[in-house]
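See below for the structure under consideration.
The values are calculated or read from the model by the stated rules, or taken from the named source; none is laboratory data. Because the structure is a prediction, the values reported are computed rather than measured. Neighbour counts run over all protein chains shown; Cβ positions are idealised from the backbone, glycine included.
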Amino acid sequence: MRRIAIISVFLALLVSCAETKVQDNSISVIPEPMYCRADEGVFVIDKDTKIVVDELSEEMQRIAGFLNEKLSKAAGFELEIVKDGPMPRENFIAFMNAGLQSESYEINVVPQHILVDYGDGAGAFYALQTLFQLLPVEIFSQELQKRVDWTVPCCNIDDKPRFKYRGMHLDVCLHYFDLEFLKKDIDIMAAHKVNRFHWHLTEDQGWRIEIKKYPLLTKIGSLREQTTTGHNEGLDGIPYGGFYSQKDIKEIVKYAAERFITIIPEIEIPGHSLGALCAYPWLGCRGEEGNYKTWSYWGVSPQIACAGKESTFKFWEDVLGEVIELFPGEYIHIGGDEAPRDEWKVCPLCQQRIKDNGLKNEAELQSYVTHRIEEYLNKHGRKLIGWDEILEGGVSQSATIMSWRGASGGIKAAQKGNYAIMTPNDFCYLDYFQTKDRKDEPDAIGGYVPLAKSYSLNPYDKLTPEQQKYILGVQGNLWCEYIPTPMQLQYMALPRLGALAEIGWSNPAPEKKDTNEFIERAKHLSRYYAVFGWNFAKHFYDGVEE
Ligand code: ACM
Ligand code: ZN
């Protein structure tokens, strides 16, 4: 009961403030809710607590089931889920569809009950993620706990996201991660209210998605003979590979969808394509003479798919046709970054294409490619996203730009009325080092993005209110050259993903951002990471690293 006493002292001070940032540790949530008021007292969950749902759809049953799944091991009981019949007088957690906006929710905790209002499954799911952070962390233990009061502090929370796109990117080409790990990664995203998983599936170093029409893509293109060591210093002599069958992909798409995460697949066009070129050499400007081999080094291979041949476009459309069938989301990412255009300069077919279409240069040839691919996607009801390089030769008004070389691509896009997603490398590249003290640090690609830097991202920087409307959201990116294991991947992602998730969900005004206060909440959240078995970096425990 000491907990209640502490809460009462804190809350006597806090309740008088209307809309206030709640400093009380017992109401510490990331991403920070739009409105949160701490009240006096607690609600206690026990084995007689009922979960009441007003619609026993498969979706709501699943969401209520997530709560039971979490409770059952530590508490040793599951809560009964009830729909019809009289509302219990007390001791219930009720989910009520109150017609709120998509993804929004309200939570009202009083000593007698918890009431959750939502408007769609996503809102109910996000309310649950918030509730998890209000529960004592021990409730998520994998072992039965005997001596814990399963209390939820009384409070009133009214919450909705600022951005509709809150993403996390994962490259599985430089290193491959299995389905079990991908599901854990999706759980991590969901806990942070991330709603887009940008899945980078094709590369110079390996093609990872099964395409039925082109079986050699995975039979040959998913394998590399060996992998470089250090920073392109040596070669390890060990064959490496891995891919996802279409059955695997469907399983992951479903798992993500059940957690309100849409997957955005990325198929690299026209660069970063060596995986495809070694499977089907006719795709390249140099054909059989190219002697293509899946790349064993990090960086960008100089080979590129030939934009002069119609057969290359047929291939891209066939591949995207199968991708569209697998991924129901509205966006398909076509890469477009770091396309090495030198082979195009000496390829007669590419030069002929430039001439025939009155293009000025190879940048415009890439633009020609992007336009044709976009037309195909649009014809099939999908929208195109590309990295900011696709701006270089001009883009259509409907292409969405993912800004990675700083924020300038996103700013340029918004200024010309194209939608943009902010993933500037100097804030959002979670594969960069997160500390200056590298003595005990795993190797990384370079760079330096401490937690405080990620948290300082202002996606609206340098944009007028009108231009700000074109920023769809933000995303953390993980490239895996130096991330060979799941544990290291989590270590790089956490807690920086927490910072970016808060920018995406809460987007605190720059002048109101309090990094030290955020770090206190990150410490609280990291206790949950630990119980969930998620590896995370701890540098921030020592204070803000500038
Ligand atoms: C990228 O980091 N090449 C998009
Ligand atoms: Zn060519």
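Within the range 287-299, the residues that satisfy the criterion of being of a type in the set (F, W, Y) and away from ligand 2 (no atom under 15 Å from the Cβ) are W295, Y297, W298. Looking only at the range 399-442, count how many residues are buried (at least 20 other Cβ atoms within 10 Å of the Cβ), away from ligand 1 (no atom under 16 Å from the Cβ) and among the β-branched types (V, I, T). Within the range 399-442, residues that are buried (at least 20 other Cβ atoms within 10 Å of the Cβ), away from ligand 1 (no atom under 16 Å from the Cβ) and among the β-branched types (V, I, T) number 1. Among all positions in the range 477-494, there is at least one residue which is closer than 25 Å to Y331 by Cβ, polar (S, T, N, Q), modelled with pLDDT of 95 or more and more than 16 Å from ligand 2 (Cβ to nearest atom). Of all residues in the range 336-375, those satisfying the criterion of being touching a helix residue (DSSP H, G or I) at 6+ places or on another chain (Cβ under 9 Å), within 16 Å of ligand 1 (Cβ to nearest atom) and not β-branched (V, I, T) are G336, D337, E338, A339, R341, Q366.
Restricting attention to the range 309-335 and to residues that are among the aliphatic types (A, V, I, L, M) and in contact with a Leu (Cβ under 9 Å, 6 or more places away or on another chain), the residue that is nearest to ligand 1 (Cβ to nearest atom) turns out to be I334. How many residues are part of a loop (DSSP other than H, G, I, E, B) and away from ligand 2 (no atom under 11 Å from the Cβ) when one looks only at the range 300-311? Of the residues in that region, 3 qualify. I'd like to check something: does the range 275-291 contain any residue that is within 16 Å of ligand 1 (Cβ to nearest atom), at positive phi and touching a residue at least 24 places away in the same chain (Cβ under 8 Å)? No, the range 275-291 has no match at all.
Evaluate the range 33-50: report whether one residue or more is aliphatic (A, V, I, L, M), within 24 Å of P161 (Cα to Cα) and modelled with pLDDT of 95 or more. Within the range 33-50, one or more residues are aliphatic (A, V, I, L, M), within 24 Å of P161 (Cα to Cα) and modelled with pLDDT of 95 or more.
Taking the conditions (1) within 22 Å of the chain's Cα centre (by Cα); (2) over 16 Å from E330 (Cβ atoms) in turn, G394 satisfies each one other than (1). Filter the range 292-306 for residues that are among the polar types (S, T, N, Q), farther than 22 Å from I373 by Cα and away from ligand 1 (no atom under 15 Å from the Cβ); which is surrounded by the fewest Cβ atoms within 10 Å (Cβ to Cβ)? For the range 292-306, the residue satisfying everything is S296. A single entry from L472, L500, L457 fulfils the requirement of being in a loop (DSSP other than H, G, I, E, B), modelled with pLDDT of 95 or more, of a type in the set (A, V, I, L, M) and farther than 30 Å from T229 by Cα: L457. Put simply, of V109, V148 the only residue that is in a strand (DSSP E or B), farther than 30 Å from W404 by Cα, touching a residue at least 12 places away in the same chain (Cβ under 8 Å) and not acidic (D, E) is V109.
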